[in-house]
Amino acid sequence: MSCCENNDEKQDSCSSSDKKCCKGKSLIVFLLILSIFTSLGIGYYVSKGWSQWGSADSIATKVLEKYLANEYEKAWSKENYELLAKAQRLQMADQIPQIKQFIASKEWGAATPEIPAASKILSQDEITAIKKTAYIEGNKDAIITLVEYSDLECPFCIRQYTEGTIKKVRDSFGDKVNSAFKNFRGVPHENAEVEARATLCAGEMGGAEKYVAYYSAIFTRSKGGNGTGFSKDALVPLAKELKLDTKKFQACIDSKKNITRFDSETAEGAKLWVQGTPGTVVINNKTGEYELIAWAYPASEFERVINKLLGTK
């Protein structure tokens, strides 16, 4: 029997060094238990009374439930959270070959590469090409253009729209900033492609006004969460609501002629380092400097980047 076991007779015969050892082990065990409770956030529950929460297993379960509830709230719903988790797994699967290549390369251990400095400057011809295929919202001669590469079924894209982020930024800077919405193939959401094609059809038939109204209506009415937030059956009725010729509209969708443009907008965004949606490229039309805002951020982040590109940071 060890001197550290709870046996009075044995403890009496232990040497002082053994007793110090016992105390040291006890301290280590105590600190280990304390660290576990700290990491699980048990302190929050202990403050309300240990007996109130029951056994250690039930406490751990409640902590996990609280954590997941917070994560679901961040993603707006459990369905969105599960969708994002699935998307991350799919994205990781696509990236495994590149990860393996990076690990095997001589650059292992180096910092994650940033956008090369040379690619942060666009020529006037490149800017013209980007804007030529865009439906510009706001002052056509603005110094700054926000090009949002988006997915009409992306939960965070829906969130960026419903929170009015881009509009808030345009309103804040007035004639200095305009914006454009373009489609981007991100996670393969079920209805994303046909919705993108329908939106492009609306633009072809009714110009910028109908294009903006069409994608805005999808975002506003979408339930999000599973790639079918806006029903395919509602695409033609929406066109009718916007007073577009429904026969021509249906023919446009059925022809799938806009897939080429959908893919070209995705390729354009990828050249500007967009890797997921929403990805908003902030361009100074005079200097050619640009910066990518990846994912959905509050208006304050857009304002920071715009002021930086305007030289007023």
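The values are calculated or read from the model by the stated rules, or taken from the named source; none is laboratory data. Values in this document were obtained by computation on a predicted structure and should not be read as measured data. For neighbour counting, all protein chains shown are included, and Cβ atoms are generated from backbone atoms with ideal geometry for every residue, glycine included.
Within the range 236-269, the set of residues being farther than 18 Å from ASN191 by Cβ, polar (S, T, N, Q) and touching a residue at least 24 places away in the same chain (Cβ under 8 Å) comprises SER264 only. Report yes if some residue within the range 219-226 is part of a helix (DSSP H, G or I), free of Cβ contacts under 8 Å to residues at least 60 places away in the same chain and over 18 Å from ALA196 (Cα atoms); otherwise report no. No - not one qualifying residue is present in the range 219-226.
Total residues in the range 183-199 satisfying the condition of being assigned to a helix (DSSP H, G or I) and buried (at least 24 other Cβ atoms within 10 Å of the Cβ): the figure is 5. Considering the range 133-166, the residues that are more than 21 Å from the chain's Cα centre (by Cα) and closer than 15 Å to ASN183 by Cα include one that is modelled with the lowest pLDDT, namely THR133.
From the list ILE136, ILE158, ILE144, the lone residue that is under 30 Å from GLY227 (Cβ atoms), of a type in the set (A, V, I, L, M, F, W, C) and surrounded by 21 or more Cβ atoms within 10 Å (Cβ to Cβ) is ILE158.
Sort out which residues of the range 166-182 are more than 20 Å from GLU265 (Cβ to Cβ) and either in a helix (DSSP H, G or I) or not assigned by TED's automatic domain parsing to the domain that holds CYS201 (or both), and write them in order of number.
Keep residues of the range 166-182 that are more than 20 Å from GLU265 (Cβ to Cβ), which gives 167-177.
Result: LYS167, LYS168, VAL169, ARG170, ASP171, SER172, PHE173, GLY174, ASP175, LYS176.
Among the residues making up the range 228-265, those that are among the aromatic types (Phe, Trp, Tyr) and assigned to a helix (DSSP H, G or I) are PHE249, PHE262.
When GLY186, GLY227 are checked against the criterion of being at pLDDT below 95, touching a His at 6+ places or on another chain (Cβ under 8 Å) and either in the same structural domain as LEU152 (by TED's automatic domain parsing) or farther than 24 Å from TYR297 by Cβ (or both), GLY227 stands alone in meeting it.
State the number of residues belonging to the range 286-312 that are assigned to a loop (DSSP other than H, G, I, E, B) and either under 17 Å from ASP175 (Cα atoms) or not assigned by TED's automatic domain parsing to the domain that holds GLY269 (or both). Walk me through it before giving the result.
First pass over the range 286-312, keeping only residues assigned to a loop (DSSP other than H, G, I, E, B): 286-288, 295-298, 311-312.
Applying the additional criterion that residues be either under 17 Å from ASP175 (Cα atoms) or not assigned by TED's automatic domain parsing to the domain that holds GLY269 (or both) yields 286, 311-312.
Of the residues in that region, 3 qualify.
Quick one: would you say VAL194 is in the same structural domain as ASP151 (by TED's automatic domain parsing), touching a strand residue (DSSP E or B) at 6+ places or on another chain (Cβ under 7 Å) and touching a residue at least 24 places away in the same chain (Cβ under 8 Å)?
No: the conditions fail for VAL194.
In the range 253-261, is there at least one residue being out of contact with any Asp or Glu (no Cβ under 7 Å at 6 or more places or on another chain) and closer than 21 Å to THR145 by Cα?
To start, the set of residues in the range 253-261 that are out of contact with any Asp or Glu (no Cβ under 7 Å at 6 or more places or on another chain) comprises 253-261.
Filter once more, keeping what is closer than 21 Å to THR145 by Cα: 261.
Yes, the range 253-261 contains at least one residue that is out of contact with any Asp or Glu (no Cβ under 7 Å at 6 or more places or on another chain) and closer than 21 Å to THR145 by Cα.
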